[in-house]
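The values are calculated or read from the model by the stated rules, or taken from the named source; none is laboratory data. Note that the coordinates shown come from a computational prediction; the quantities given were computed from them, not determined experimentally. Here Cβ is always computed from backbone atoms with ideal geometry, including for glycine, and neighbour counts include all displayed protein chains. When the accessible area is computed, the model is the full protein with side chains, heavy atoms only, and any ligands, DNA or RNA have been set aside. Shrake-Rupley method; radii C 1.70, N 1.55, O 1.52, S 1.80 Å.
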Amino acid sequence: MKRYLLVLGLLALLGGWGCSVVTSGRPIGDAPFPVDPGEWEGTWTAADGGPVVVRVEDGRKGQLRLSWMEGAREMALKTADVMLLKTGAWHFANLREETESGAPVYLFARVKREKGLLIIWPPRPERFARLVNEKVLPGTVSREKVHLGELGPEHMKVIASEDRGVLFDWENPLVLIRTGNR
């Protein structure tokens with residue numbers, strides 16, 4: 001399975017979250033999450049990963065551009081555009097990924113930035129799969145991924161609460177430390 005480098009708000013390795021991923025046909029969240037460039041721009045580093053440089057493309061729309069080096073022997077500069085959206089008090093980072101069919105999908109996670117830290121909680125595929133199979137959330141389930149369908153406000157309420165169980169991996173977040181300013 002292709003490994004995705006998702007820097008949500010700043011960085012997350014989706015491939016490291018297991019063989020299954022949760023995707024959506026649209027970004028997760030109801031409204032843009034405006035960001036202050038002074039609080040987000042700079043270099044962020046995970047304990048077991050390389051640095052990621054974050055630039056705010058449009059602070060009012062919560063749009064970030066991430067850059068990092070990838071590859072062990074043949075280093076290559078990679079970039080990703082991340083859209084930050086919110087639902088209530090929850091913030092989500094969304095990364096657009098093109099599929100072979102040309103239709104985009106979005107990889108997402110819950111994010112929180114506080115005092116030089118960025119905390120990223122990946123979705124738990126097995127929990128989302130259960131809710132899709134029970135018809136609580138629209139979507140499809142396959143061995144490799146859970147793909148969410150068209151989400152309405154009632155679905156976002158399920159995702160942004162714990163009424164139907166814990167849908168994000170609270171026990172194993174990716175924590176990034178801000179190691180350099182703009």
Completion exercise
Of (1) assigned to a strand (DSSP E or B); (2) more than 22 Å from ARG96 (Cα to Cα), ASP48 satisfies every one except (1)
Exercise for the section: Check off (1) more than 16 Å from PRO34 (Cα to Cα); (2) modelled with pLDDT of 95 or more; (3) aliphatic (A, V, I, L, M) for MET69 and give me the number that stays unchecked. Expected result: (2)
Completion exercise
Only one of (1) within 30 Å of ARG55 (Cα to Cα); (2) within 18 Å of the chain's Cα centre (by Cα); (3) open to solvent by 40 Å² or more (accessible area, probe 1.4 Å) does not apply to ALA109, and that is (3)
Completion exercise
In the range 73-88, anything free of Cβ contacts under 8 Å to residues at least 40 places away in the same chain and under 23 Å from ASP58 (Cβ atoms) is listed as LEU77, THR79, ASP81
Exercise for the section: Kindly indicate whether GLY102 is in contact with a helix residue (DSSP H, G or I) (Cβ under 9 Å, 6 or more places away or on another chain), at pLDDT below 95 and closer than 28 Å to PHE128 by Cβ. Expected result: no
Problem - All positions within the range 120-144 that are surrounded by 15 or more Cβ atoms within 10 Å (Cβ to Cβ) and assigned to a strand (DSSP E or B) - result: ILE120, TRP121, PRO123, GLY139, VAL141
Handout entry: Selection within the range 158-176 - touching a strand residue (DSSP E or B) at 6+ places or on another chain (Cβ under 8 Å) and more than 17 Å from ALA93 (Cα to Cα)
Key = none
Completion exercise
Taking the range 60-78 and keeping only residues that are of a type outside the set (Asp, Glu) and not in a strand (DSSP E or B), one is left with ARG60, LYS61, GLY62, GLY71, ALA72, ARG73, MET75
Exercise for the section: Just one of (1) at pLDDT 95 or above; (2) open to solvent by 30 Å² or more (accessible area, probe 1.4 Å); (3) within 14 Å of ILE28 (Cβ to Cβ) trips up GLU150, so point out which. Expected result: (1)
Exercise for the section: Confirm whether THR79 is modelled with pLDDT under 95 and closer than 20 Å to THR179 by Cα. Expected result: yes
Completion exercise
Checked the range 27-48 for anything open to solvent by 30 Å² or more (accessible area, probe 1.4 Å) and within 30 Å of LEU151 (Cβ to Cβ); matches are PRO27, ASP30, ALA31, PRO32, PHE33, PRO34, ASP36, PRO37, GLU39
